[in-house]
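Taking it in order: structure first as C-alpha cells, then the write-up.
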Amino acid sequence: MKKYNKVVLAYSGGLDTSIIIPWLKENYGCEVIAVSGNVGQGTELDGLEEKALKTGASKLYIEDLQKEFVEDFIWPCLKADAKYEEYLLGTSFARPAIAKRLVEIAKAEGADAICHGCTGKGNDQVRFELTIKAFAPDLDIIAPWRIWDIKSRDEEIDYAEAHDIPLKITRETNYSKDKNLWHLSHEGLDLEDPANEPMYDKILEMGVTPEQAPDKPEYITLSFEKGIPVKLDGETLDGVTMIEKLNEIGGRNGVGILDIVENRLVGMKSRGIYETPGGTILYFAHDALETICIDKETAHFKAIVSQKLAETVYNGQWFTPLHDALCAFIDKTQETVTGDVKLKLYKGNIMKASITSPYTLYDTTTASFDEDDDYNQADSAGFINLFGLPIKIKAKLDAQRDNK
C-alpha cells in the first residue's frame, strides 16, 4: 500500500471508525489525527478523546458545528421542503458539514490523506468524497471498507476484540445508527427484511410510539420569518435550541417515526427507521404557512425544484453550481413566508389549528360562499368554455371520423 505520513480520520467512535485507527497504523504506518464533528450527537461524544488516543490516534479534534449545521445546511432544506422519498435528509446534509471541516483541518495539519469509515454499499462515501473533492481536489482519500479483508460488522467486532478496542454495542444490538441534532437513523439486523415489524420498544431513543403518547393533545405555535423558524410559543430561539425543544415535544407525542424502503444512490434498496420528531413538526408547519403565502404557479414549480434539490443533497452534490442555483430560487420564494402556525399534536399526528401571515394570499371575502364584489360567478361560464375547448373539438372530430 501507498505510505502516508499523516492521515485525518472522520471519527465518530462507533464500530467502523474505532477499528480504523489501528488498521491505518498497521497498513500505512502513518500518524492518525481523529476529527469528530459535533452536529448534535449528544452523549455519543462522551469519552471520545480518551478512546481515540487509547486506540492509536495522536490527537482528537471535536469541532462544534451545530450552529453552522443548522443555519447553512438544515434551514436551506427546510425552506425548500426538500424530502428524498419522504426521508428528511438527516444524514445527507450532515455529511457535507463534517467533510468541509475535515478538509480545513487536513490542510492546517499538512495531512496527506483523509479517511472515512463509510461502507462501499452506502451513500455516505459519496457525500464525504464529493465534498472533499470540492475543497481539496488533490488530497488522497482512504476508504477501508473498499479495500480491507473485513466483510461484515461481525468481523469488525472480531477485529475490535482482538485489538482490545472497547465498544458500546454487542452483536445483538449491532444496529447501524447515525445520530445528530436533526434525527436518528436505524439500519441492519432484523430491519434488513421489510417483512419484519420494527421492535420500536427496543430501538426508539428520541421519543415514544403513538400508543405510548399522552391521551391529551398538545398545542404549539411556531413563528417564521422568510421561511426560517424564529419563535416557539412566542419565545425567540436560536436554531439549535429550537430543534432541541421541538425534538422533546415531538418525541413525547410520538411524532416523526418513519419506516421506509428507499432507493440508494448506489443502486440498491435499503430499509431504515428514522426518528425526526422536531424536523417533522418544522416541515409540517413550514408547508402549512406556504399554502397561504405563495401563489399557485410558484408553489407548483417550487415542488419540482424541491425534488431536484433533495436529490442533490441525498446524492452528495451540496457544493455544486446546480445546488447553489436551486437554493437561490428557493430563497426568492421565501421572501413572504412569514407568519404563525399553530399546531395540534396528538399520538403521532400533527394537525393544523391556525395559520396567519401578514403576506397571506387568502382572501376570506373572495373565497366565501357568500356573495362578494370581486368574483362574478357568471364569468366562470366563459372560462369553462375556453378551458374545455380542446376537449370539445377533439370529441366532435372523433365523432365525425367514427361516422365515416
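Summary of values
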quantity	calculated
Residue list for segment 269-287, restricted to those being over 24 Å from residue 203 (Cα atoms) and either free of Cβ contacts under 8 Å to residues at least 24 places away in the same chain or surrounded by fewer than 16 Cβ atoms within 10 Å (Cβ to Cβ) (or both)	287
Residue ranges of helices (runs of 4 or more DSSP H) in segment 42-129 with at least 1 members over 30 Å from residue 334 (Cβ atoms)	48-54, 94-109
Residue in segment 339-359 that is farther than 30 Å from residue 213 by Cβ and open to solvent by 40 Å² or more (accessible area, probe 1.4 Å) present	yes
Matching residues in segment 308-332 - criterion: being in a helix (DSSP H, G or I) and in contact (Cβ under 8 Å) with a residue 60 or more places away in the chain	309, 310, 311, 313, 314, 326, 327, 330, 331
Members of segment 313-331 that are open to solvent by 30 Å² or more (accessible area, probe 1.4 Å) and touching a helix residue (DSSP H, G or I) at 6+ places or on another chain (Cβ under 9 Å)	315, 317, 319, 320, 322, 329, 331
Qualifying position, being over 21 Å from residue 185 (Cα atoms) and within 24 Å of the chain's Cα centre (by Cα), among 31, 44, 63	63
Residue in segment 378-396 that is assigned to a loop (DSSP other than H, G, I, E, B), of a type in the set (Asp, Glu) and out of contact with any helix residue (DSSP H, G or I) (no Cβ under 9 Å at 6 or more places or on another chain) present	no
Residue in segment 7-24 that is free of Cβ contacts under 8 Å to residues at least 40 places away in the same chain and acidic (Asp, Glu) present	no
Qualifying residue in segment 251-261 (condition: within 17 Å of the chain's Cα centre (by Cα) and more than 25 Å from residue 69 (Cα to Cα))	yes
Residue list for segment 210-246, filter: over 20 Å from residue 289 (Cβ atoms), in contact (Cβ under 8 Å) with a residue 60 or more places away in the chain and either in contact with a Pro (Cβ under 6 Å, 6 or more places away or on another chain) or open to solvent by less than 50 Å² (accessible area, probe 1.4 Å) (or both)	210, 213, 217, 240
Any hit, segment 37-52, residues being within 19 Å of residue 141 (Cα to Cα), open to solvent by less than 50 Å² (accessible area, probe 1.4 Å) and without any contact (Cβ under 8 Å) to a residue 60 or more places away in the chain	no
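The values are calculated or read from the model by the stated rules, or taken from the named source; none is laboratory data. This structure is a prediction, so every number in the text was calculated from the model and none was measured. FYI the Cβ positions are ideal-geometry reconstructions off the backbone, even for glycines, and counts take in every protein chain you see. When the accessible area is computed, the model is the full protein with side chains, heavy atoms only, and any ligands, DNA or RNA have been set aside. Shrake-Rupley method; radii C 1.70, N 1.55, O 1.52, S 1.80 Å.
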